[in-house]
Amino acid sequence: MLFYEIFLNLLGFFIFLFVFWKKLKEDYLSSQIFTTAFYVIFLASIFLLVSHFLLPNFWFWALFLAFLTGVFLGRWRFSLHFYEVYEAGIVGLLPWLSFFFLLDAMKTTSWYSFCGFLFSWLLVLLYIFLNLHYKSFSWYKSGKVGFSALVVTIVFFLARMIVAIFFPSMVSLSGSFEALISGIFSFFSFLLLFILSR
């Protein structure tokens, strides 16, 4: 099992770096892209370690907060466009997240974790579809980058909220507050999408 953990985490790591770079390479220097990716990964390691000792049930939110902090650091240091970096990060991290669910399914034979693995890849497919067609949506007048990632974020957190209500013991959920937190993030993402569409 250790081999699979190392292999899938390395695979997720390199997929994240490649997708993150590929999505941003047309507009930013490689040094800026990889430095921002380093911020995300380094902060994720620190936040995850702190969460492990203080709030183990909130490890997912620690990682998500680390991701947002890394994105804002990149924006602050290199004047990167938030939505572009956010989108690159979301689509780059989804495969890595799916591997976590797959590993848990392999360890515990959890059907819920395997569903989480499949759902993560469905979100990747949803992103690809939206990214190809969002500029043709008549109701999305601005045509700005970020639409696809925000829709995926809304769907992801709505799904977490629903799962938290009916299956609160599923891996990656943070207990009784999960539905509320996920609902808030889904609503906030919807507001960002509304603002972006103007």
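The values are calculated or read from the model by the stated rules, or taken from the named source; none is laboratory data. This one's a predicted model, so the numbers in the text were calculated from it and none came from an experiment. Using ideal geometry, Cβ is built from the backbone for each residue, glycine included, and neighbour counts are taken over all protein chains shown.
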Worksheet item: Would the stretch 62-82 turn up any residue that is over 20 Å from ALA149 (Cβ atoms), part of a loop (DSSP other than H, G, I, E, B) and without any contact (Cβ under 8 Å) to a residue 60 or more places away in the chain?
Response: no
Discussion item. I need the full set of residues from the stretch 23-55 which are surrounded by fewer than 14 Cβ atoms within 10 Å (Cβ to Cβ) and over 18 Å from ALA66 (Cα atoms), in order please.
Written reply: LYS25, GLU26, ASP27, LEU29, SER30, SER31
Worksheet item: Before we move on, is GLU87 within 26 Å of SER148 (Cβ to Cβ), of a type in the set (D, E, K, R) and either in contact (Cβ under 8 Å) with a residue 24 or more places away in the chain or not in a loop (DSSP other than H, G, I, E, B) (or both)?
Response: yes
Item to complete: Scan the stretch 138-157 residue by residue and report those that are surrounded by fewer than 16 Cβ atoms within 10 Å (Cβ to Cβ) and under 23 Å from GLU178 (Cα atoms).
Response: none
Discussion item. Among the residues of the stretch 34-55, are any part of a helix (DSSP H, G or I), modelled with pLDDT of 95 or more and either touching a His at 6+ places or on another chain (Cβ under 9 Å) or charged (D, E, K, R) (or both)?
Written reply: no
Discussion item. What pairs come out if I take residues in the stretch 118-140 that are modelled with pLDDT of 95 or more and pair them with residues that are among the acidic types (Asp, Glu) and assigned to a helix (DSSP H, G or I) whose C-beta lies under 9 Å away, six or more apart or interchain?
Written reply: TYR127/GLU87
Discussion item. Of all residues being in contact with a Phe, Trp or Tyr (Cβ under 8 Å, 6 or more places away or on another chain) and among the hydroxyl-bearing types (Ser, Thr, Tyr) in the stretch 23-66, which is farthest from ARG77 (Cα to Cα)? Just the residue, please.
Written reply: SER51
Item to complete: Give the stretch 78-137 a look and list any residue that's of a type in the set (Gly, Ala, Ser), crowded, with 20+ Cβ neighbours inside 10 Å and more than 18 Å from ALA66 (Cβ to Cβ), or say none.
Response: SER98, SER113, GLY116, SER120
